[in-house]
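Inspection log for the structure reproduced underneath, given as structure tokens.
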Amino acid sequence: MDPIVLIDVDRCVGCYMCQRACALAQCIEINEVTRFAEVVRPEDCTGCMACERACPYDCIVVVSDESQVPLRAKITLSRVRRYATKRLVLGDPRWSVRRGAEEMTKEGVGSLLLMNGTKIVTETDVLEAWIGGREEEPLINFSKDAITIEGKATVEEALRIMLEKCISHLPVIERGKLSGMISLRDVLRASSVTSPILDESILPINPREKIEKYAIQVPVVGKVTNRELYSILKERKLKATVVREGEKVGLISIRDLTKAMAKGKSLDDLIDPRWINPVSSEEQISKAIAIMMEHNLRHLPVFQGAELKMLSVKEIAKHAVWIKVT
Ligand code: SF4
Ligand code: SF4
């Protein structure tokens, strides 16, 4: 069995000691985006344990058999609480839907928690209200019961719930209290760092795989109004799509619709796309993930030959876990 190098990223300070210790095999690098140590060439690892000895913070464990993975590492590395963000954006249930859209835009989030986290209102909910001409009604009218997850649950469980319920965030509960949020992007981060912790349900993402495998076909639109974009996304069950005007390529998403609503635009105004350089489908998926993490993007336009496609955090995350279809 090949050696497995486990890195506890919660304690890693990016000091480069492990990277220097592995100068010969060059298996470990500090990720330029996350600033955490990362095993980039696991196939070249000799199991010499130099990295484990070099780490001043005891972040690294090298094992030669999966059964040797310390139980504590196995459990803690896959916990939701490890990857959840502490930042919670709470809304007032009496706010109007438009005020809710303004708050989401200001905070850069896709949902607001109401009533101590027992209710949630998402971008999709506020857009439904806008389309129905009900944007001045109280937010609470468009909220749903929040689906939550315990901090001690596993990341795979969080992903399973998010994919099953078609949601991208879950409020996290610790000792009966709201403590943070976990998103699909956090799951993606967890999938890359916990990949050595294998069990039957996890198929880790191979960072060298081509983007082609994950890119999905979407309608490529030109100039569209807010109303037209909403109906395209709703019909195709998408959160974003690719836009092309002449040589320029970009994205438009439900986040842009929420921004337009917050700015007081009308449904018949043209929507402003975000111009984003597409990545090539021939590139490695690790490059796309790094761009998405760095620029806080949930989607990326992709060129596959002459065709334009789209990459989404959800599509990448789906490949991280095998889900039994019943
Ligand atoms: S065990 Fe040795 S070869 Fe493997 S990552 Fe650590 S230093 Fe590099
Ligand atoms: S030596 Fe330890 S703390 Fe330093 S970068 Fe490597 S894993 Fe992180």
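The values are calculated or read from the model by the stated rules, or taken from the named source; none is laboratory data. Because the structure is predicted, anything quoted here is derived from the model rather than measured. Quick reminder, even Gly has a Cβ in these numbers, built from the backbone with ideal geometry, and neighbours come from all protein chains shown.
Here is a yes/no grid of residues against (1) buried (at least 22 other Cβ atoms within 10 Å of the Cβ); (2) in the same structural domain as H299 (by TED's automatic domain parsing); (3) touching a Ser or Thr at 6+ places or on another chain (Cβ under 9 Å); (4) in a loop (DSSP other than H, G, I, E, B):
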| site | (1), (2), (3), (4) |
| --- | --- |
| I140 | no, no, no, no |
| E156 | no, no, yes, no |
| R160 | no, no, yes, no |
| L163 | no, no, no, no |
| L170 | yes, no, yes, no |
| I173 | no, no, yes, no |
| L178 | no, no, yes, no |
| M181 | yes, no, yes, no |
| D186 | yes, no, yes, no |
Suppose we filter region 93-145 for residues that are more than 26 Å from the chain's Cα centre (by Cα) and on the phi > 0 side of the Ramachandran plot; how many remain? 1
Only listed residue being in contact (Cβ under 8 Å) with a residue 12 or more places away in the chain and over 21 Å from the mean Cα position of the chain (by Cα), chosen from K239, K248, K259, K213: K248
Name the one entry in V5, V39 that is within 13 Å of ligand 2 (Cβ to nearest atom) and under 22 Å from the mean Cα position of the chain (by Cα). V39
Since R134 meets every condition but one in (1) assigned to a strand (DSSP E or B); (2) closer than 20 Å to E103 by Cβ, which condition does it not meet? (1)
Of everything in region 8-38 that's near ligand 1 (Cβ under 9 Å from one of its atoms) and part of a loop (DSSP other than H, G, I, E, B), which residue is farthest from R82 (Cα to Cα)? L24
Name the pairs: first residue in region 39-54 and more than 6 Å from ligand 1 (Cβ to nearest atom) and at pLDDT 85 or above, second residue of a type in the set (A, V, I, L, M) and part of a helix (DSSP H, G or I), Cβ to Cβ under 6 Å, at least 6 apart or on different chains? A54/M17; A54/A21
From the options V80, V97, V69, residue that is at pLDDT 90 or above, away from ligand 1 (no atom under 14 Å from the Cβ) and surrounded by 14 or more Cβ atoms within 10 Å (Cβ to Cβ): V97
